[in-house]
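K.L.:
Please find one structure pasted underneath; my questions will follow.
The values are calculated or read from the model by the stated rules, or taken from the named source; none is laboratory data. Computed from a predicted structure; not experimentally measured. Here Cβ is always computed from backbone atoms with ideal geometry, including for glycine, and neighbour counts include all displayed protein chains. Just so you know, the surface numbers come from the protein's heavy atoms only, side chains and all, with ligands and any DNA or RNA stripped out. Shrake-Rupley method; radii C 1.70, N 1.55, O 1.52, S 1.80 Å.
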Amino acid sequence: PPVRIVLLGDSFLSGFQLPEEQSITSLIQRMANSRGYSASVLNMSRVTQTTTEARKRVDDVLKEKPDVVVIGLGYYDAMQNVPVADLNRNLHEIIFLLKQQQVGLILVSPSFPVNISQRLVQTYEQVY
């Protein structure tokens, strides 16, 4: 059976405004196929999704019975001034719930925009 990969992220993982063939979903699928792996890639990312919103959707992700979940969150937490402690707690809860079901995890650190302070970027990056 194919490896089931689910993406849970924000605009960057969702492929917002990218042609389908350039999306991360297509890229992962092509990479798996080119290496001889059978994979099914489902993108459950949402534009502007924060860790708080993603945490509420973990049950939906688990219903897909993933083998691996790629988590790419945090950018919109920073843009909405979500306290770092909340971001950290939400990510830990998401990871805990997925690991409880023995799901493999890949955590992708966001690239923070240049229009926020370097101190704030360093604070958020400590989470990853």
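K.L.:
For region 1-45, run through the chymotrypsin sites (Phe, Trp or Tyr not before Pro) and keep only the ones in DSSP coil with at most 14 other Cβ atoms within 10 Å of their Cβ. Walk me through the numbers before you get to the answer.
P.N.:
Numbers: sites: 12, 16, 37; in loops: 16, 37.
When the chymotrypsin sites (Phe, Trp or Tyr not before Pro) of region 1-45 are filtered for loop state and at most 14 Cβ neighbours within 10 Å, 16, 37 remain.
K.L.:
Can you work out the PRE-style zone for residue 106? Point 7 Å along Cα to Cβ, and I want the residues of region 11-38 with backbone N under 12 Å.
P.N.:
Backbone N within reach: 24-33.
K.L.:
Could I ask something else about it? Can you work out the Karplus-derived ³J(HN,Hα) for every residue in region 9-18? Use 6.51 cos²θ - 1.76 cosθ + 1.60 with θ = phi - 60°, whole Hz, and x for glycine or proline.
P.N.:
Once rounded to whole Hz, the list reads x, 10, 4, 5, 7, 5, x, 3, 6, 9.
K.L.:
Counting only residues 5 or more places away or on other chains, whose amide H sits under 5 Å from the amide H of residue 40 once H atoms are built in the peptide plane?
P.N.:
Excluding prolines and chain starts, which carry no amide H, the hits are 3, 4, 5.
K.L.:
Between residue 47 and residue 80, how many nm apart are label points set 7 Å from Cα along the C-beta direction?
P.N.:
1.6 nm
K.L.:
Starting from the Cα-Cα distance between residue 126 and residue 60, subtract it from 0.36 nm times their residue separation and give me the gain in nm to one decimal.
P.N.:
20.9 nm
K.L.:
Taking H as built 1.01 Å from N, whose amide H comes closer than 5 Å to the amide H of residue 105, not counting residues under 5 places away?
P.N.:
69
K.L.:
A further question follows. Where the accessible area of the chain is counted over protein heavy atoms with a 1.4 Å probe, how much of it, in %, is carbon and sulfur?
P.N.:
Numbers: 3900 of 7520 Å².
In the chain, the share of accessible area belonging to carbon and sulfur is 52 percent.
K.L.:
Using a 1.4 angstrom probe, figure out how much accessible area the chain has per residue, in square angstrom, rounded to the nearest whole. Write down the numbers at each step before the final one.
P.N.:
Numbers: 7520 Å² over 128 residues.
Counting only protein heavy atoms, the per-residue value for the chain is 59 Å².
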